[in-house]
Each structure stands twice: as structure tokens, then as C-alpha cells.
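The values are calculated or read from the model by the stated rules, or taken from the named source; none is laboratory data. Everything numeric in this text was worked out from a predicted model, so none of it was measured. Note that each Cβ is placed from the backbone with ideal geometry, even for glycine, and that neighbours are counted across all protein chains shown. These accessible areas exclude ligands, DNA and RNA; they are computed on the full protein's heavy atoms, side chains included. Shrake-Rupley method; radii C 1.70, N 1.55, O 1.52, S 1.80 Å.
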Amino acid sequence: MKYKSQKVAYWFFALCMLLFSLQIIYGFIMGFDRIGLQGLHDIIPFNTARAVHTNLLVVWLLTGFMGAAYYIIPEEAQRELISIKWAYIQLISLAVVGVIAIAGFHFNHWEGRKFLEIPRELDFLVVVNVLVFLGLILGTLFKGKRKTTTALVLTMGLVFAALLYIPGMIWFDSQVMDSFFRWWVVHLWVEGVWELIMGGILSYLLIKLTGVDREVIEKWLYVIVGLTFLSGVLGTGHHYYYIGVNKIWLIVGGIFSALEPLAFLAMALFAVNMYRKGEKSHPNKLALFWTIGAAIVSFIGAGLLGFAHTLPQTNLYTHGTLVTAMHGHYAFWGAYAMIVLAIISYALPNLTGRKRYNNTTGQMAFWISNIGILGMTVAFGVAGVAQVYMERKLKMDFMDVQNEIAIHFVVLLICATMFTVGIGMYIYEFIKYGLPTDEALETN
């Protein structure tokens with residue numbers, strides 16, 4: 001590492017690994033519930049497990065993005081963070097808010113809106129926490145010696161993510177209005193500004209790992225930003241088909257949903273092209289695996305699988321089924337989880353001074369987790385198609401259909417076990433790296 005304050009990132013990454021582990025545990029609780037093994041149902045009912053699972057996903061990814069920013073911004077700005085103390089205060093307060101929210105879910109203390117279940121009083125604490133974070137990042141950039149496109153795109157994504165949290169805090173008595181603005185948070189995060197965050201991290205990693213000139217890589221960023229806003233913003237329309245709004249959204253959502261894969265295709269082409277152009281043989285092949293893998297898998301999961309069920313003619317049948325879970329799991333894994341794991345894989349050797357990146361455990365973690373999540377995606381997809389046919393065509397009762405497709409969740413759990421082994425190996429490697437040390441300064 002080049003700056004002592006980059007060590008802050010390690011503790012965000014550590015919290016990230018803890019939250020990711022908890023998310024997987026709650027995923028298993030739901031999986032066992034779906035096949036009739038409901039021993040924990042009285043303590044953790046399915047709706048609680050689902051709320052915890054999805055909210056932990058959002059929180060651990062945001063924690064990873066924050067850690068990435070604390071690692072990348074000092075290097076891009078060529079100066080230390082403006083306050084290390086406040087960065088640690090922000091980390092601790094983030095963890096405290098997360099613990100209170102998750103504990104509250106178990107006592108039915110929530111708002112009940114999917115992905116935004118966090119109680120209103122905690123919303124304000126989240127806003128304060130994010131303002132502290134943005135103050136540190138923007139202050140460091142403002143006082144820095146340089147302002148790169150990579151840093152600006154990453155920061156722009158983080159700022160817009162904070163601003164788009166606000167519509168989710170507005171109270172509406174109308175279910176239609178509430179749903180309309182809830183998607184401003186959920187969709188415009190995951191298919192809008194989070195893509196900017198991903199693009200910024202991807203750009204940084206490719207500059208470091210391939211040796212391709214910064215100007216060449218950052219020109220691609222402009223293309224990605226343009227495609228993201230062209231398709232992502234109006235692509236929100238595919239969530240508006242059947243919530244009670246004007247029918248114009250069937251046309252807008254259909255057209256721009258068809259364009260959404262272009263942003264992810266651009267990212268995939270960007271990553272592969274820079275890898276092929278690269279002359280620098282960086283020793284950290286594991287970080288390169290995660291980086292290129294994130295670009296390719298995000299195109300398949302978020303781009304192709306998203307397009308496969310967001311056209312109005314298809315979504316009429318697939319809406320609210322496990323086909324959505326198929327897309328959601330592979331999209332989040334490729335677009336965001338893998339890029340967070342990529343920046344962690346790159347940063348750890350530089351933070352600790354220990355070069356463990358080419359051992360067998362790390363490589364097996366990559367392949368086993370990816371094979372496992374692919375199997376889970378296929379299981380969700382098969383179950384979803386069967387569900388669509390039985391519910392929409394045969395007009396079978398919802399719960400009868402769930403019993404019929406339970407066998408697919410056995411397959412899902414087997415694949416999820418494989419995925420968990422892979423992630424367990426990744427976390428084992430994280431722990432083996434040890435703590436960051438000042439001795440690692442200027443070793444990269």
C-alpha cells in the first residue's frame with residue numbers, strides 16, 4: 001500500500017466477510033424451509049429469514065464498496081484520507097445500525113417493503129453514516145494532488161447511491177405511489193449507479209493488473225457511463241408493468257430493458273479487451289480471475305438473464321416467480337459480489353505484505369464458488385419455468401405448485417453447499433493473510 005490510511009479498508013472488508021457469511025446462513029434456513037425441514041420456523045419464520053437474507057446482501061455489498069473507496073481514493077488522489085478517526089467511527093456506526101436492524105427483523109420491527117425493510121428511525125442513522133463517508137471521500141478528493149476519471153466515476157456512483165436512498169424514505173399512503181418510488185432506490189441502485197461503482201473499481205483493477213495505459217482504460221469508462229444512464233434509468237419501467245401506473249411504461253420498460261444488456265456487454269468487452277492488450281504480467285493472477293470473471297458473469301446474469309424475463313410479453317408470465325430469483329442471484333453475484341471479492345483479493349497482499357495470491361486454496365475458492373452459484377442459478381431457473389407453467393398455464397394453486405417444485409430446492413441446496421465451501425475457502429485465505437501492517441507500505 002502507498003498510504004497508511006488505506007488500512008481502514010481492511011476492517012470494512014472484514015465486516016464484509018462476516019455479513020456475507022450470515023447472509024449465506026439465512027439462505028440455507030430458507031432453502032431447508034422450502035423442502036419441509038422447518039425446525040427453526042417458530043424462531044426464524046420464512047419471511048424473517050428472507051428479509052435478513054436480502055438486506056444483508058445490500059449491506060455487505062455497500063460495506064465492500066466503502067472499503068474499496070477507502071483503498072482506491074487515497075491512491076488515486078495521491079494523499080492520505082482527511083481523517084482516519086472518522087473513518088473508523090463511520091465503520092463502527094455502520095455495524096451497530098446493521099446489528100440493530102437485523103435484530104429488529106426477528107421481532108417484526110420493520111417497514112415490510114422488500115429490500116427496504118429497515119425501520120424509519122434507522123433510515124436517518126444510515127443517512128448520517130453515509131454523509132460522514134461521503135464527506136471523507138469528497139474531502140480527500142478535493143484536497144488531493146490529482147482527480148482521475150476512475151476516482152470521479154467511483155465517487156459519482158457513491159454520491160448518486162446516497163441521493164437515491166432518499167425516495168425510499170418518503171411516506172406514501174398509496175401502495176402504487178410507494179411501489180413507484182421504491183424502485184427508484186432498488187432498480188436505480190442495482191441497474192444504475194451501482195454499475196458506476198462497479199465500473200470505477202473495474203477500471204482501477206485493470207489499470208493495476210494489466211498495465212494498459214490509464215487513458216485507454218478510462219475512455220471506456222465514458223462509454224459504460226453513457227450506456228448505464230441510457231438504458232438503466234428508463235429501464236426502471238420493467239418494474240412498473242403491473243403496479244397500477246400508465247400503460248406507457250409497458251413500451252418504455254420493454255424498449256429500454258432490451259438495451260440494458262449493452263452496458264454489461266460493454267463492461268465484459270472492456271475487461272477482456274484490456275486483459276488482451278495488457279503487457280504487464282502481474283503476479284496476482286487471483287485478483288485478475290475475479291476481475292475478468294465479474295465482467296463476464298455480470299453480462300450473463302444481469303444482462304442476458306435480465307433481458308430474458310423483462311420484456312412485457314414474457315414478464316406477464318414470469319412476474320413474481322422463481323425466474324426472478326434465477327436472474328437476481330447470478331446478477332448480484334457477477335456484477336457486485338465478484339467485483340468486491342476482486343478488490344479484496346488485490347488489496348490484501350498490499351495491506352498485509354503477504355503474497356499468498358497464487359496458492360491452490362485461493363484458486364479453488366474461485367472455481368468452486370462459481371460452479372456452485374451457476375448450479376444454483378440453473379436450479380432456480382428450472383424451478384421457475386416449472387412454476388410458471390403450473391401456475392399460469394395449468395392454473396394450479398400456489399402452495400400446490402411449491403410442493404411440486406420442492407425437489408429442485410434439494411438440487412439448489414447441494415449447489416449452495418458447494419458455493420459455501422468455495423466462499424469458506426475464500427474467507428479462510430482472508431484470515432490467513434493476517435492484519436494490515438505499516439511494514440507493507442510502498443511494497444506494491
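To keep it simple, each residue is scored yes or no on (1) more than 30 Å from residue 144 (Cβ to Cβ); (2) within 19 Å of the chain's Cα centre (by Cα).
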| position | (1), (2) |
| --- | --- |
| 17 | no, yes |
| 22 | yes, yes |
| 47 | yes, no |
| 51 | yes, yes |
| 60 | no, yes |
| 71 | no, yes |
| 75 | no, no |
| 80 | no, no |
Only residues that are surrounded by 20 or more Cβ atoms within 10 Å (Cβ to Cβ) and assigned to a loop (DSSP other than H, G, I, E, B): list them for region 117-156, please. 117, 118, 148
What do you reckon, is residue 211 open to solvent by 20 Å² or more (accessible area, probe 1.4 Å), at positive phi and in contact with a His (Cβ under 8 Å, 6 or more places away or on another chain)? yes
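Are any residues in region 189-222 touching a helix residue (DSSP H, G or I) at 6+ places or on another chain (Cβ under 7 Å), among the aliphatic types (A, V, I, L, M) and over 17 Å from residue 335 (Cβ atoms), and if so, which ones? Please lay out each step first, then the result.
Here is the first cut: in region 189-222, the ones touching a helix residue (DSSP H, G or I) at 6+ places or on another chain (Cβ under 7 Å) are 189, 191-210, 212, 214, 217-218, 220-221.
Next, only the ones that are among the aliphatic types (A, V, I, L, M) stay: 193, 196-198, 201-202, 205-207, 209, 212, 217, 221.
Matches in region 189-222: 207, 209, 212, 217.
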Within region 17-24, is there a residue that is aliphatic (A, V, I, L, M), open to solvent by 40 Å² or more (accessible area, probe 1.4 Å) and assigned to a loop (DSSP other than H, G, I, E, B)? no
Which of the residues spanning region 82-112 are open to solvent by less than 30 Å² (accessible area, probe 1.4 Å), farther than 21 Å from residue 155 by Cα and in contact (Cβ under 8 Å) with a residue 24 or more places away in the chain? 97, 98, 101, 105
Which pairs turn up if I take residues in region 391-417 that are farther than 16 Å from residue 325 by Cα and touching a residue at least 60 places away in the same chain (Cβ under 8 Å) and look for partners that are of a type in the set (A, V, I, L, M, F, W, C) and open to solvent by less than 50 Å² (accessible area, probe 1.4 Å) with beta carbon separation below 6 Å, at least 6 apart in sequence or on another chain? 391/401
Sort through 220, 183 and tell me the only one that's open to solvent by 10 Å² or more (accessible area, probe 1.4 Å), touching a His at 6+ places or on another chain (Cβ under 7 Å) and among the aromatic types (Phe, Trp, Tyr). 183
Which pairs do you get when a residue that is closer than 21 Å to residue 129 by Cβ, found in region 149-161, comes within reach of a residue that is charged (D, E, K, R), reach meaning Cβ atoms under 8 angstrom, with the pair 6+ apart or on two chains? 157/195
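Need a quick list: helices (runs of 4 or more DSSP H) entirely within region 241-338 having at least 3 residues that are hydroxyl-bearing (Ser, Thr, Tyr), farther than 17 Å from residue 183 by Cα and open to solvent by 10 Å² or more (accessible area, probe 1.4 Å). Quick ask: steps written out before the conclusion?
Details: elements: 248-277, 285-298, 305-310, 312-318, 322-332.
Counting at least 3 such residues, we get 312-318.
Condition first: in contact with a Lys or Arg (Cβ under 8 Å, 6 or more places away or on another chain) and over 17 Å from residue 296 (Cβ atoms). Now tell me which residues in region 187-228 satisfy that. Give the steps one after another, and end with the answer.
Of region 187-228, the ones in contact with a Lys or Arg (Cβ under 8 Å, 6 or more places away or on another chain) are 207, 209-212, 216.
Matches in region 187-228: 207, 211, 212, 216.
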Within region 26-34, does at least one residue satisfy the condition of being buried (at least 18 other Cβ atoms within 10 Å of the Cβ), of a type in the set (A, V, I, L, M) and not in a helix (DSSP H, G or I)? no
Is there any pair with a first residue in region 120-135 that is touching a residue at least 12 places away in the same chain (Cβ under 8 Å) and closer than 22 Å to residue 171 by Cα and a second that is of a type outside the set (Asp, Glu) and not in a helix (DSSP H, G or I) whose Cβ atoms are under 9 Å apart and which are 6 or more apart or on different chains, and what are they? 120/171; 123/116; 123/165; 126/118; 126/165; 127/165; 130/165
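Would you point out which residue out of 114, 143 is under 18 Å from residue 194 (Cβ atoms) and basic (Lys, Arg)? Even if it seems obvious, please write down each step before you answer.
Numbers: 143 fails: under 18 Å from residue 194 (Cβ atoms).
That would be 114, the only listed residue that is under 18 Å from residue 194 (Cβ atoms) and basic (Lys, Arg).
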